[in-house]
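A short write-up of the structure that comes next.
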Amino acid sequence: MVDPELSLPAPKVALSTASVYPETTATAFEIAARLGYDGVEVMVWTDPVSQDVEALRRLSDFHGVPVLAVHAPCLLITQRVWSKDPWTKLQRSREAAEKLGASTVVVHPPFRWQRSYAREFIRGVWRMADETDVRFAVENMYPWRYRDREMLAYAPAWDPTEDDYRHFTLDLSHTATARNDTLAMVDRMGDRLAHIHIADGTGSAKDEHLVPGRGDQPCAEVLEHLAVSGFDGHVVVEVNTRRAMSSAEREADLAEALAFTRRHLASVPRKAGP
């Protein structure tokens with residue numbers, strides 16, 4: 001008889017399409033398939049393919065790589081992608097997730113200058129979450145720093161655990177930049193932790209997105225916690241490979257990140273619950 005505590009599969013590990021930049025969304029699907037990732041998270045941004053649901057579906061079918069999550073276009077560089085209206089962006093992200101079979105939409109808190117959006121954000125995200133089975137997982141961010149100055153760029157807060165959301169995304173590069181106690185944030189998120197961006201950082205003011213294991217974040221401890229906690233979301237490798245000197249070097253970094261993540265997810269028995 002199989003022990004039920006050992007029978008649960010490990011969480012799926014996906015590749016963020018942002019991890020291959022400056023290569024393309026299409027290249028991300030190709031690399032994910034070649035390295036054996038379980039799927040991809042599509043970062044919707046300036047690459048036209050990332051904005052085209054039918055093109056994404058064709059890539060997914062061709063490579064046999066499912067889309068597990070959609071990252072809404074809420075970066076500074078994507079302010080005009082899928083409309084200038086932030087609610088339209090979230091609506092279209094939800095529709096894309098539903099059409100592609102993705103379980104999660106990742107969304108950042110609003111920028112402070114998006115005042116109307118920020119005022120309605122918590123209620124609006126709850127309302128949208130009530131209309132779908134797709135999870136809207138609000139991501140932890142960080143204060144912007146320049147020398148000795150700090151600017152609070154996000155509202156209602158860069159730390160989403162200060163507010164009431166149904167689901168959270170935890171990004172370990174962002175916890176490094178914010179200089180958070182990462183494990184304390186995991187505890188605050190509790191069973192609302194629905195999605196992980198696995199990366200590393202050193203506490204620099206720059207959002208580094210290092211390959212896990214190359215910084216000072218407790219990446220291994222967080223992954224091992226997921227393995228015993230009954231976590232039912234996905235783990236997404238979201239790392240910066242812009243400095244890779246070649247496609248081969250980029251692919252080696254992404255292979256290393258996948259191996260690190262799978263090793264620590266499998267290092268302890270996975271429990272079904274209390």
Within region 65-82, residues open to solvent by less than 20 Å² (accessible area, probe 1.4 Å), closer than 17 Å to residue 138 by Cα, in contact with a strand residue (DSSP E or B) (Cβ under 7 Å, 6 or more places away or on another chain) and assigned to a loop (DSSP other than H, G, I, E, B) come out as 72
Tabulated pairs, region 236-265, first closer than 20 Å to residue 69 by Cβ, second of a type in the set (Lys, Arg) and crowded, with 22+ Cβ neighbours inside 10 Å, C-beta under 8 angstrom, 6+ apart or interchain
241/250
Output yes when any residue across region 131-139 is within 30 Å of residue 59 (Cα to Cα), open to solvent by less than 40 Å² (accessible area, probe 1.4 Å), in contact with an Asp or Glu (Cβ under 7 Å, 6 or more places away or on another chain) and hydroxyl-bearing (Ser, Thr, Tyr), and no when none is.
yes
Take residue 187 and tell me if it is open to solvent by less than 80 Å² (accessible area, probe 1.4 Å), of a type in the set (Asp, Glu) and either more than 18 Å from residue 40 (Cα to Cα) or in contact with a Cys (Cβ under 6 Å, 6 or more places away or on another chain) (or both).
no
Against the condition surrounded by fewer than 21 Cβ atoms within 10 Å (Cβ to Cβ), out of contact with any Lys or Arg (no Cβ under 9 Å at 6 or more places or on another chain) and of a type outside the set (Lys, Arg), how does residue 159 come out, does it pass?
no
Quick one: is residue 64 under 27 Å from residue 264 (Cα atoms), modelled with pLDDT of 95 or more and over 18 Å from the mean Cα position of the chain (by Cα)?
yes
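The values are calculated or read from the model by the stated rules, or taken from the named source; none is laboratory data. Keep in mind it's a predicted model, so treat the numbers as computed, not measured. Positions of Cβ are generated from backbone atoms using ideal geometry, with glycine treated the same way; all protein chains shown enter the neighbour counts. Just the protein is used for accessible areas: all its heavy atoms, side chains included, with ligands, DNA and RNA removed. Shrake-Rupley method; radii C 1.70, N 1.55, O 1.52, S 1.80 Å.
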